[in-house]
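Scroll down for the structure; my scribbles are underneath it.
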Amino acid sequence: MKLKSNIATSESGFVFNPTSGDSYSANSVAAEIMLLLKENNSIREINQIMLSRYEVDSSHFEKDLDDFIAQLRDQNLLEL
Amino acid sequence: MEKLKYERPVIKKLNAGIMNKFGMRTEFTPHTHIEGVAVKDIISKFGSPVFVISERQIRKNYQQAVRSFRTRYPKVQFAWSYKTNYMNAVCKVFHQEGSWAEVVSGFEYHKALGNGVPGNKIIFNGPDKREEEIILAINNDSLIHVDHFDELFLLMEIVEKMDKRPRVAIRVNMDTGIYPMWDRFGFNYENGQAWNAINKIMASEKLELVGLHSHIGTFMLSTAAYAVATSKLCDLAFNFNKKFGKAIQYLDLGGGFPSSNTLKGAYLPGADTVPSIDEFAEAITSTVLNYGFKQQELPLLILETGRALIDDAGFLLGSVLATKRLSDGRRATILDFGVNILFTSFWYDHKITPAQEFSHHTEDMVLFGPLCMNIDVVRETVNLPLLQKGDQVVVHKVGAYNMTQWMQFISMRPSIIMIDENESMHQIRKPETLAYLESLENIPEHLQQIKL
Ligand SMILES: Cc1ncc(COP(=O)(O)O)c(C=O)c1O
């Protein structure tokens with residue numbers, strides 16, 4: 001699982017896809033996950049990191065992370 | 001290290017400058033309290049979902065509506081439309097304020113009596129009045145609004161056997177320029193049916209024609225339609241006076257004023273577009289005042305306003321059961337209430353707000369109820385914060401028709417709470433129970449035993 005390499009992300013949650021010209025706004029949790037994806041972290045690592053930082057339980061986060069990955073895929077922001 | 005507050009991750013495409021089809025407004029300002037009482041306290045005490053009614057708002061609406069008419073016209077009377085919300089506590093607030101009762105069935109009629117409304121202050125409307133109900137209404141000197149010729153003949157037959165002269169009015173339907181025309185109720189004006197009914201009543205000498213009634217539709221957006229309806233009733237009253245030398249005592253313009261809800265398919269929110277009661281009052285009263293009645297013969301003006309007086313006094317509180325993504329990527333939020341108890345979601349795009357704080361991030365979503373059917377859609381599209389399981393929401397302006405047209409389907413109907421003017425909560429209807437529902441059922445002997 002990897003974010004397309006040319007996708008620009010900022011910590012404030014602004015996301016830009018230069019190929020399509022589309023820009024997005026991500027909330028802080030989403031922005032952080034995208035940075036982690038960019039740094040080539042695995043899903044398991046992302047899970048660990050996020051659970052240690054945020055007030056959320058693991059089954060809840062797992063569901064949301066799946067959902068978020070699907071959103072990224074829908075928006076064509078992931079490497080195939 | 002203290003952990004950070006979590007929110008479901010979401011990204012949203014920015015379409016700069018373009019208004020999306022979901023409209024410009026997002027409803028993320030949380031609505032945490034109703035009349036000073038915390039939503040979460042109401043839910044923890046009475047469960048979710050739960051209807052909440054603000055007594056203060058009802059009184060305010062009523063007093064404002066009365067003022068709109070009385071400042072323009074000397075003789076005005078409101079009659080509470082029971083079908084709009086016949087919780088007894090609600091009716092009693094209206095009656096305390098001075099409202100009569102307007103009922104359309106024997107059941108509603110008995111409710112009004114039970115609420116202490118004197119018989120002569122009950123208006124009995126509708127096409128379904130049974131013989132025994134008519135007799136009761138005659139004995140109570142109620143105002144019987146005749147809907148059709150069959151009823152008129154039945155009434156005449158009944159009075160033959162009674163030593164009474166009931167007070168009646170006829171319901172008149174007419175072309176007010178509004179489509180569809182509600183011509184299935186009452187006698188038509190344009191084709192002479194209404195005038196014919198008046199003549200039959202007068203010829204019988206058994207009935208006293210005291211009023212003329214019309215109810216031209218509901219959620220009417222045109223004040224001009226009321227001016228037309230008023231002028232047609234005035235015309236009948238005038239001709240009546242000319243022919244029979246008597247004055248019609250009242251004109252009843254029915255209900256139909258819109259609330260500030262947003263009708264489905266409307267381009268702009270209701271709050272920005274619907275005419276105010278003042279504007280309707282102006283159209284109606286100026287028509288009567290300019291018609292040329294003698295000062296002492298000005299008819300009493302009766303209004304049976306329903307939804308406009310109660311809609312914004314009602315709230316439905318509920319909770320998120322689950323969120324999911326549909327096959328096309330749209331977000332779906334499943335709530336613990338659906339069209340079974342929020343009947344008006346068939347008509348309105350109800351305003352729904354979260355009851356707790358969120359970040360400014362929002363999503364477009366569909367709101368579904370919990371019923372196992374396709375039609376159970378509370379909002380087809382709405383932009384809301386990132387709701388998740390357990391979050392609470394407030395549906396606004398649900399006071400009219402929901403607590404009467406709700407269905408007991410799949411789940412039971414919830415509590416109704418009234419918050420009084422001192423911010424105290426009263427449970428004015430308990431939640432239904434299995435025992436309550438089954439108390440009406442009967443299982444035949446041969447079906448008592450089952451073996452599986
Ligand atoms: C005879 C009559 N009066 C009054 C009303 C109340 O109408 P609304 O809620 O539109 O004011 C109705 C509603 O259908 C009605 O049929």
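The values are calculated or read from the model by the stated rules, or taken from the named source; none is laboratory data. Computed from a predicted model, the values in this text were never measured in an experiment. As a convention, Cβ positions derive from the backbone with ideal geometry for all residues, glycine included, and neighbour counts pool all protein chains shown. Side chains are part of the model used for accessible areas, which takes the heavy atoms of the whole protein and leaves out ligands, DNA and RNA. Shrake-Rupley method; radii C 1.70, N 1.55, O 1.52, S 1.80 Å.
Given the DSSP H assignment, sum -39500 (n - 2.57) over each helix run of at least 4 residues in chain B and divide by its residue total; what's the result at 222 nm in deg cm²/dmol, nearest 500?
-8500 deg cm²/dmol
Give me, ordered by chain and number, the residues 5 or more places off residue B:348 or on other chains with an amide H under 5 Å from its own placed amide H.
Counting only residues 5 or more places away or on other chains, the set is B:264.
Using a 1.4 Å probe and counting only protein heavy atoms, how much accessible surface gets buried when B and A come together, both sides summed, in Å² to the nearest 100?
Chains B and A together bury approximately 2200 Å².
Where a Cα-Cα gap under 25 Å defines reach, which lysines qualify for residue B:161, not counting those fewer than 8 residues away within the same chain?
B:121, B:129, B:200, B:206
Using only the alpha-carbon atoms of the protein assembly as shown, report the extent along each of the three principal axes, biggest first, to the nearest angstrom.
Rounded to whole Å, the extents work out to 94, 64, 43 Å.
Answer with one residue from B:134, A:14, B:39: the one whose Cα lies farthest towards the positive end of the charge dipole of the protein assembly as shown, charges on Cβ with Lys, Arg +1 and Asp, Glu -1.
It is B:134, whose Cα lies furthest towards the positive end.
Work out how much length residue B:205 to residue B:175 would gain on full extension: take 0.36 nm times their residue separation and subtract the Cα-Cα distance, in nm to one decimal.
Residue separation times 0.36 nm, minus the Cα-Cα distance, leaves 7.8 nm.
Considering only DSSP beta bridges where both residues belong to the protein assembly as shown, give the percentage that are antiparallel (nearest 5).
50
Lys and Arg at +1, Asp and Glu at -1: add these up for the other residues within a Cβ distance under 12 Å of residue B:239 and post the number.
With Lys, Arg at +1 and Asp, Glu at -1, the neighbours total +3.
Skipping prolines and chain starts, which residues have an amide H placed within reach, meaning under 5 Å, of the one on residue B:146, given they are 5 or more residues away or on another chain?
The list, which skips near neighbours in sequence, is B:169, B:170, B:171.
Can you give me the % of accessible surface on the stretch A:2-79 that is carbon or sulfur? Probe 1.4 Å, all protein chains present, nothing else counted.
The computed percentage sits at 46.
Tell me what chain A gives for mean residue ellipticity at 222 nm when only DSSP H runs of n ≥ 4 count, each as -39,500 (n - 2.57), the sum divided by the residue total, rounded to 500 deg cm²/dmol.
Result for chain A: -15500 deg cm²/dmol, rounded to the nearest 500.
Could you work out, residue by residue across A:8-20, how many beta carbons of other chains sit within 10 Å of that residue's beta carbon, and then give the average as an integer?
Average per residue, whole number: 1.
Find out how many positive minus negative residues lie around residue B:190, taking Lys and Arg as positive, Asp and Glu as negative, among other residues whose Cβ is under 9 Å from that of residue B:190.
0
Quickly rank B:346-358, A:46-58 as a protection proxy: mean count of other C-beta atoms within 10 Å, highest first.
Result, highest mean first: B:346-358, A:46-58.
Kindly write out, for the stretch B:54-66 in residue order, the coupling ³J(HN,Hα) from the Karplus curve 6.51 cos²θ - 1.76 cosθ + 1.60 (θ = phi - 60°), rounded to whole Hz, with x marking Gly and Pro.
Working through the residues one at a time gives 9, 4, 4, 5, 4, 4, 4, 4, 4, 4, 5, 5, 4 Hz.
Using packing as a proxy for protection, rank A:13-19, B:416-422 so that the peptide with the highest average count of other Cβ atoms within 10 Å comes first.
By packing density, highest mean first, the sequence is B:416-422, A:13-19.
Just to check I understand the Karplus step: with θ = phi - 60° and J = 6.51 cos²θ - 1.76 cosθ + 1.60, what whole-Hz values come out for the stretch A:26-43, glycine and proline as x?
Here the 3J(HN,Hα) series is 10, 6, 5, 5, 5, 4, 5, 4, 5, 4, 5, 5, 4, 7, 6, 6, 7, 4 Hz.
Over the stretch B:1-147, what is the relative contact order in percent, taking alpha-carbon pairs closer than 8 angstrom and at least six residues apart?
Computed over the stretch B:1-147, the figure is 14 percent.
Quick one: if you stick a label point 7 Å off each Cα along the C-beta vector at residue B:41 and residue B:154, how many nm between them?
5.0
Counting partner chain Cβ atoms within 10 Å of every residue's Cβ in A:28-39, what's the average?
Mean shielding by partner chains, rounded to a whole number: 3.
From other protein chains only, count the Cβ atoms within 10 Å of every residue's Cβ in B:386-395, then give the mean.
Other-chain Cβ atoms within 10 Å of each residue's Cβ, averaged: 1.
For the stretch B:67-147, what does the accessible surface come to per residue with a 1.4 Å probe? Please give it in Å².
On a per-residue basis, 36 Å².
I'd like the Karplus ³J(HN,Hα) series for the stretch B:237-247: coefficients 6.51, -1.76, 1.60, θ = phi - 60°, whole numbers in Hz, and an x wherever there's a Gly or Pro.
Ordered by residue, 3J(HN,Hα) equals 4, 5, 5, 4, 4, 4, 7, 10, x, 10, 9 Hz.
If you roll a 1.4 Å probe over chain B with all protein chains in place, what percent of the accessible area is carbon or sulfur?
With neighbouring chains kept in place, the figure for chain B is 52 percent.
Count the DSSP beta bridges whose two residues both fall in chain B, then state the antiparallel fraction as a percent rounded to the nearest 5.
45
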